[in-house]
């Protein structure tokens, strides 16, 4: 996964004994990364996963989900990886895999 993000320009990689992955200086948004990994279905798809859901033929939660989806996209589009790490630079945190 990290290699794929590196190939798409979201991370920089270096080889060797002290190699690893780094965030590049240019600001990539969380929305850009989500779209690169999962596509844009999170920001365009139906809230319950129906293929036929649309403004013309809505599912029961269509209007509410459309509003929530738009708010979520705007939050992720405004938040860069650099902001995420800067805000938490004093707090050590880890993503735990189950």
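Please treat every number below as a calculation from the coordinates, not as lab data. Every value quoted in this text rests on a predicted model; they were computed, and no experiment measured them. Note that each Cβ is placed from the backbone with ideal geometry, even for glycine, and that neighbours are counted across all protein chains shown.
If you take the square roots of the eigenvalues of the alpha-carbon gyration tensor of the stretch 27-87 and sort them as a ≥ b ≥ c, do you get rounded (a/c under 1.5), prolate (a/b over b/c) or oblate? Note, shape of the stretch 27-87 comes out prolate.
By the count of neighbouring beta-carbon atoms within 10 Å, fewest first, 79, 29, 67 end up ordered 67, 79, 29.
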